[in-house]
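Reviewing the structure listed below.
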Amino acid sequence: MSKIKEAFADGKVFIPFLTAGDPNLEKTAEYIQELEQAGAGLIEIGIPFSDPIAEGPVIQEADLRALAAGTTTDKIFDMVKGVRDKVHVPLVFMTYLNPVFHYGYERFFDRCRDSGLDGIIIPDLPYEERDELLETANKNGIEVISLIAPTSRERIRSIARDAQGFIYLVSSMGVTGMRNEICTDLEGMIREIRAVTDTPVAVGFGIHTPEQAKNIAAMADGVIVGSAIVKLIARYREHAGKDIFAYVRMMKSAIEE
């Protein structure tokens, strides 16, 4: 069993996201540790990109702040390598195909392995084209996490059968960001997924309240939250640690009820 799947073996998993380099990489390393201590079972680390098409304004602005602060992919690898021995939960990159392609697949995934990464999520990588990097990622021990969106209905079973690590089920159409209501038929989509695989399913996009997290956790194996955490970092900058900890502890408690 992979380290990512193992994370789901003992109950519902809370998966937070933060943008590397916002407000700086030293604080990102500190906040990753806060996330684990507060109860995160897996952590997504965003590589800032100038054209993050799946992101709403909160994460877009975090990307721009991180890039303006001089954050680079090489520096992120160094940061992850430095924090890896202090954090025991799986670490997963969230990025786009363009930065990985330009870095070079071989070089990128070799550095992922060297830094102690466990997986990668690439929202703009079509399922039909994932083979171009899958072999290189896997030979370096990096699992490529599949996304299933409401528009994937005809392909749900195909994507689920080939999934690695966990399945990122997108709760709503559109970009990331906090939503008051999630109206997608998640239960139906999860039934389709579970008909063909036992790969854990985590739901993301729009979740930000304990009530939402509790409702999602009743159906899924994990709950993913990004924008709400990035907003806390935007507000409190270098002093966000205690607020991140309190928020994650609250959300983790909600999914365990």
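The values are calculated or read from the model by the stated rules, or taken from the named source; none is laboratory data. What you are looking at is a predicted structure, and each value in this text was computed from that prediction instead of being measured. Reconstructed Cβ throughout: ideal geometry from the backbone, glycine too, with neighbour counts over all protein chains shown.
Go through (1) closer than 22 Å to Ser50 by Cβ; (2) surrounded by 17 or more Cβ atoms within 10 Å (Cβ to Cβ) one by one and return the number of the condition Ser115 breaks.
(1)
Quick test for you: out of Glu36, Glu61, pick the one residue that is over 25 Å from Ala220 (Cβ atoms) and not in a strand (DSSP E or B).
Glu61 is the lone residue from the list that is over 25 Å from Ala220 (Cβ atoms) and not in a strand (DSSP E or B).
Just name the residue that is modelled with the highest pLDDT out of those in region 142-186 that are under 19 Å from Glu211 (Cα atoms) and polar (S, T, N, Q).
Among those residues, the one meeting the criterion is Ser171.
Any residue in region 6-20 that's within 23 Å of Arg237 (Cβ to Cβ): show its pairings with residues that are of a type in the set (A, V, I, L, M, F, W, C) and at pLDDT below 95 at Cβ separation under 7 Å, as long as the two are six or more apart or on different chains.
Thr19/Ile59
Among the listed residues Ile59, Ile43, Ile76, which satisfies the condition of being at negative phi, modelled with pLDDT of 95 or more and within 15 Å of the chain's Cα centre (by Cα)?
Just a single option satisfies the conditions, and that option is Ile43.
Any chance region 127-134 includes a residue that's assigned to a helix (DSSP H, G or I) and under 17 Å from Ile4 (Cβ atoms)?
yes
For region 222-248, what are the residues that are under 15 Å from the mean Cα position of the chain (by Cα) and either in a helix (DSSP H, G or I) or surrounded by fewer than 24 Cβ atoms within 10 Å (Cβ to Cβ) (or both)?
Across region 222-248, the qualifying residues are Ser227, Ala228, Ile229, Val230, Val248.
Please pick out the residue among Leu147, Leu117 that is assigned to a strand (DSSP E or B) and either touching a strand residue (DSSP E or B) at 6+ places or on another chain (Cβ under 8 Å) or under 30 Å from Gly188 (Cα atoms) (or both).
Matching residue, one of Leu147, Leu117: Leu147.
Assuming Glu192 fulfils every condition listed in (1) at pLDDT below 95; (2) under 15 Å from Glu55 (Cβ atoms); (3) touching a helix residue (DSSP H, G or I) at 6+ places or on another chain (Cβ under 7 Å); (4) not aromatic (Phe, Trp, Tyr) apart from one, which condition is it?
Exception for Glu192: condition (2).
Given the criteria touching a strand residue (DSSP E or B) at 6+ places or on another chain (Cβ under 7 Å) and surrounded by fewer than 21 Cβ atoms within 10 Å (Cβ to Cβ), does Val80 qualify?
Against the criterion (touching a strand residue (DSSP E or B) at 6+ places or on another chain (Cβ under 7 Å) and surrounded by fewer than 21 Cβ atoms within 10 Å (Cβ to Cβ)), Val80 does not qualify.
Sort out which residues of region 204-221 are among the β-branched types (Val, Ile, Thr) and surrounded by fewer than 20 Cβ atoms within 10 Å (Cβ to Cβ), and write them in order of number.
Scanning region 204-221 gives a single hit, Thr209.
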